[in-house]
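I have placed the structure first, in the form of structure tokens, so that the comments after it can refer back to it.
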Amino acid sequence: MGILYALGKGVKLGKIKDLLGQRFARIKVIEFYGKNKKNGAMWLCECDCGNNKVIWGSDLIRGQTTSCGCLNKERVKAKVTKHGHNKGGNKISSEYRAWNNMIQRCSNPKNNQYKNYGGRGITVCREWLESFQEFFNDMGKKPSAIYSLDRIDVNGNYGPNNCKWSTPKEQARNRRSTSNTGYSGIHMNKNNLYEVKIKANGKTVYLGTKNTLSKAIEMRKQGERRYWTN
């Protein structure tokens, strides 16, 4: 059991998660500050802007606190920046909406998509997090209205090297697999056989069953060539 020091006194960690040295967005934890009777830990943190602030560990872990407060001030300032993409009402551009939705699902635990993004550790690069203009400079305008923001590596973070505008078909091909085999469209059933399916034209197409994973993967590839080749 580790011991941390707060106000010169040794404090046993117990069930407290040690956050010392860890980084949460703009915040770096630099010192254990204390705890309450319910083992709620407080940490002295240093923000990238230079300010120090005492923050509850639970707020850091849940993503509820990502700066000393300077980030919110910058976001408010960014909203009135005259880049022409956020004029209020129905005059918000689709690019601005994509940027805002990206930040919400990665940093707002109350967002209904947070569990699939921020809850999995997916983050937004600092430049995009702090500025829509930086995001727009890197991504540019959508080729057309049907395109949406897509990550090349679905387990990677949002940033200029891992994002592109994609069509709905491209997005469908790039979804994170929830299969028990780890391969999209291939599921092992209760008889230990591999069922192979594919989504095409809004419908799920059953391709067949194989007795080995390698054969199932090949069947899936054949299905992709058949149904997804333009």
Per-residue HN-Hα couplings for segment 94-102, Karplus 6.51 cos²θ - 1.76 cosθ + 1.60 at θ = phi - 60°, whole Hz, x for Gly and Pro?
-> 5, 5, 5, 5, 5, 5, 5, 5, 4
Asn36 and Asn180 label points (each 7 Å along its Cα→Cβ direction) are spaced in nm at 4.3
Taking H placed 1.01 Å from N in the peptide plane, check which residues at least 5 places from Val205 or on another chain put their amide H under 5 Å from its amide H.
-> Ile198, Lys199, Ala200
Sketch the reach of a paramagnetic label on Glu170 as a point 7 Å from Cα along Cα-to-Cβ, and name the residues of segment 134-149 whose backbone nitrogen lies under 13 Å away.
-> 139-149
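Note the full-extension length gain between Arg97 and Arg126 as 0.36 nm times their separation in residues minus their Cα-Cα distance, in nm to one decimal.
8.6 nm is the gain from fully extending Arg97 to Arg126.
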Using only the Cα atoms of segment 105-230, build the gyration tensor, take square roots of its eigenvalues as a ≥ b ≥ c, and label the shape rounded, prolate or oblate: rounded if a/c is under 1.5, else prolate if a/b is larger than b/c, else oblate.
-> prolate
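Which of the peptides 59-67, 156-164 is most tightly packed, and how do the rest follow, going by the mean number of other Cβ atoms within 10 Å of each residue? List each step's numbers first, then the result.
Working: 59-67: 17.9, 156-164: 15.9.
Taking the mean over residues of other Cβ atoms within 10 Å, the ranking is 59-67, 156-164.
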Could you list which residues have their amide H under 5 Å from that of Tyr183, counting only those 5 or more apart in sequence or on another chain, with H placed in the peptide plane?
-> none
Calculated FRET efficiency for the pair Leu20/Tyr227, C-beta based, R₀ 45 Å, to 0.05 = 0.30
Please give, to one decimal in nm, the separation of the simple spin-label points placed at Asn161 and Lys28, each 7 Å out from Cα toward the Cβ.
-> 2.1
How much FRET efficiency would the formula 1/(1 + (r/R0)^6) give for Leu213 and Ile146, where r is the Cβ-Cβ distance and R0 is 30 Å, rounded to 0.05?
-> 0.30
Summing +1 for each Lys or Arg and -1 for each Asp or Glu, what net charge is found among the other residues whose Cβ lies under 12 Å from the Cβ of Glu95?
-> +2
Shape of segment 128-170 from its Cα gyration tensor (a ≥ b ≥ c, root eigenvalues): rounded if a/c is under 1.5, otherwise prolate when a/b > b/c, or oblate?
-> oblate
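Any read-out appearing in this document is the output of simple, stated calculations on the displayed coordinates, not a laboratory observation. Only a predicted model underlies this, so the values are computations on that prediction, with no experimental measurement involved. Cβ sites come from the backbone with ideal geometry, for glycine too, and all protein chains shown count toward neighbours.
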